[in-house]
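Report on the structure given below.
Just so it is clear, none of the values below were taken in a lab; they were calculated from the coordinates. Treat the numbers as computed from the prediction; the structure is a model and nothing was measured. Here the Cβ is made from the backbone with ideal geometry for all residues, glycine too, and neighbour counts use every protein chain on show.
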Amino acid sequence: MSYKICALGDAASLFPFMQIGVDVFSFEKDGDLSKKIASLVKKGYGLLFVSEDVVKGDLSVIHSYDKRPDVNIVLVPGNSEGESYGQARINDMVEKALGQNIL
């Protein structure tokens, strides 16, 4: 089965993805992220790049797809300053896979 690739976030975060031909979807920060991701997964998207600004620190939506082998959600840095949830998520995944954090 083939899956599609998309990016979800604000316009400034999506610009690089537009340049390489990835399907992009603008998302308002006060919208329902879980419904938007669920609809994209139903449409056949298996790799979703999501701006950290859209997630707003609520990683429960992202974690709900962790056990699904057909969906991979990658957090990308947004425009706001602050903690990088994407980097922390990668560190956790590396530690789970290797038994220690090598990053």
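Rank G46, S84, A12 by how far each Cα sits towards the positive end of the charge dipole of the range 4-98 (+1 on Lys, Arg Cβ; -1 on Asp, Glu Cβ) and give me just the farthest.
G46
Given the peptides 57-66, 92-101, arrange them by the average over their residues of other C-beta atoms within 10 Å, most packed first.
Output ranking for 57-66, 92-101: 57-66, 92-101.
Over the range 4-98, how many pairs of lysines fall under 21 Å by alpha carbon, counting only those 8 or more apart in sequence or from different chains?
14
Quick one: dipole size for the chain, taken about the Cα centre, charges +1 on Lys/Arg Cβ and -1 on Asp/Glu Cβ, in debye to the nearest 20.
500
Suppose R0 equals 22 Å; then what is the FRET efficiency for K67 and A11 from their Cβ-Cβ distance, rounded to the nearest 0.05?
The formula returns an efficiency of 0.10 here.
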